[in-house]
There are 2 protein chains.
Amino acid sequence: MHNLSTDTNIPKLLKDVGLRVTPQREAILNFLIHYEGHATVDDIYQAVHPTFPGLSVSTIYNTMKHFGELGLVKEITFGDAASRFDVNVQPHHHLVCKHCGKLIDFYLPQPPNFALPPDASGFEIEDYHLEVKGTCRECRDKGRDEARNEQTQ
Amino acid sequence: MHNLSTDTNIPKLLKDVGLRVTPQREAILNFLIHYEGHATVDDIYQAVHPTFPGLSVSTIYNTMKHFGELGLVKEITFGDAASRFDVNVQPHHHLVCKHCGKLIDFYLPQPPNFALPPDASGFEIEDYHLEVKGTCRECRDKGRDEARNEQTQ
DNA sequence: ACCTAGATGATAATTATTATTAAAAAGGAG
DNA sequence: CTCCTTTTTAATAATAATTATCATCTAGGT
């Protein structure tokens, strides 16, 4: 598990996790490190493409898969929408605005306690994620809804 | 919020929630009520289609949207996979097996307590869902993986 | 400089879902 | 019961995210 910050040495990091150092990977990582919020593949593409015209979305998908497996990013998948990637790989949870889709991180002081039901005996817990849905202040203030896809960070 | 059981009067229920009583809706509801687990649109289609050849998937999507809005079912959406529908509309949570996709319900004795971060001030919580990922016993026993899409209930 | 495993990019394929729309059916009014 | 309006259905096309394919290219060791 790696925690990335703006002063991470990108080529070194890539070598450390056993990946070849390619300009594409450097560009993507660099973007993610500086990005506030939770980027989708398309966000990455839109941002990196101008300064790196060759870049293909396949490469981004590929790269994100690698990064995910190596613990550089965490994929957040919500029902309907596109996957988002988070350089915050600390265990954490999300508030999701039902109206604009905004994501806000939060942390639990301690894992929630619950008893496994009988039909789950032998289930080995590896990870948990709490998704809290509701309405963010902005959407509560303005007339709700019609905000979708505006502030989807 | 309605809790469906095997002795629910389906036509009456449909009328009560303000929907027209159609054979398609009756068939879908009847299937859901008797189904153990969490059905996908395709599950419904596969099950109902043989005895109701005309049924179209559009109708199922449509119907599930209505049922969801009226609180007859709860849609569970996980990242990659197809949406599932649960006639258990009580607030509850899920264990998800990473290998075979099996879903197991569980309940929290009390809501997890957490403090909203400062950038979430004004966020109005409406709902929360805890998703616990791991490996179910069956997948732990057999050689893992290659089970995907077998016991996806 | 050379070689080979691995990476890339273009494109096609897949999958879940939504939109469209003409035809059919539900349910109330007369 | 028949007519009428509105909703629903079903078939199809459209969309959108993601994965698969594969020829070409390149990183990094020799």
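The values are calculated or read from the model by the stated rules, or taken from the named source; none is laboratory data. Here the structure is a predicted model, which means the values were calculated and not measured. Cβ sites come from the backbone with ideal geometry, for glycine too, and all protein chains shown count toward neighbours. Surface accessibility is based on the protein's heavy atoms, side chains included, excluding ligands, DNA and RNA. Shrake-Rupley method; radii C 1.70, N 1.55, O 1.52, S 1.80 Å.
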Subject >> Volume in Å³ per residue [convex hull over Cα atoms, computed for the stretch B:38-100] >> reply: 99 Å³
Original post:
Ignoring any ligand, DNA or RNA, what whole percent of the accessible area of chain A comes from carbon and sulfur when the probe is 1.4 angstrom?
Top reply: 48 percent
**OP:** Distances from A:THR8 to the same position in the other copies: list them in nm, one decimal, shortest first, using label points 7 Å from Cα along Cα→Cβ.
**Re:** 4.7
Original post:
Could you give the distance between the Cα centres of the stretch B:12-29 and the stretch A:1-52, to the whole Å?
Top reply: 51 Å
Subject >> Kirkwood-based shape ratio for the protein assembly as shown, expressed as Rg/Rh from alpha carbons >> reply: 0.99
Original post:
If you take the beta carbon distance between B:ASN62 and B:ASP7 as r and set R0 to 25 Å, what does 1/(1 + (r/R0)^6) give as a FRET efficiency, to the nearest 0.05?
Top reply: 0.45
Original post:
Each label point is 7 Å from the Cα along the Cα-to-Cβ direction; what then is the distance between the points at B:GLU36 and B:ARG20, in nm?
Top reply: 3.7 nm
Subject >> Rounded D (µm²/s) - the stretch B:72-116, Kirkwood Rh over Cα pairs, Stokes-Einstein at 10 °C, 1.306 mPa s >> reply: 130 µm²/s
Subject >> Fraction of beta bridges assigned by DSSP in the protein assembly as shown that are antiparallel (%, nearest 5) >> reply: 80 percent
Subject >> Buried solvent-accessible surface, both chains (A, B), 1.4 Å probe, Å² to nearest 100 >> reply: 3300 Å²
Original post:
Put a point 7 Å out from Cα along the line to Cβ at B:GLY37; what are the distances to that point in the other copies, in nm, shortest first?
Top reply: 3.8
Original post:
For chain B, the longest stretch holding no trypsin sites (Lys or Arg not before Pro) located in a DSSP loop with at most 16 other Cβ atoms within 10 Å is which?
Top reply: B:21-141
Subject >> List of the stretch B:50-99 residues, accessible area with partners at least 40 Å² below that of the chain alone (1.4 Å probe) >> reply: B:THR77, B:GLY79, B:LEU95
Original post:
Which of the lysines could a cross-linker bridge to B:LYS142, judged by Cα under 29 Å and excluding same-chain residues fewer than eight apart?
Top reply: A:LYS65, A:LYS74, B:LYS98, B:LYS102, B:LYS133
Original post:
Which percent, to the nearest 5, of DSSP beta bridges fully inside chain A are antiparallel?
Top reply: 70 percent
Original post:
Taking Cα pairs under 8 Å and at least six residues apart, what relative contact order does chain A come out at, in percent?
Top reply: 22 percent
Original post:
How many Å² of accessible area per residue for the protein assembly as shown, probe 1.4 Å?
Top reply: 53 Å²
**OP:** Provide the per-residue ³J(HN,Hα) series for the stretch A:92-108, in order, calculated from phi with Karplus coefficients 6.51, -1.76, 1.60 and θ = phi - 60°, each as a whole number of Hz, with x at glycine and proline positions.
**Re:** 7, 10, 9, 8, 10, 7, 5, 9, 9, x, 4, 10, 10, 6, 8, 10, 9
Original post:
What are the extents of the Cα atoms of the stretch A:10-76 along their three principal axes, listed from largest to smallest and rounded to whole Å?
Top reply: 28, 25, 21
Original post:
Counting every Cα pair in the stretch B:1-143, what percent are over 24 Å apart?
Top reply: 42 percent
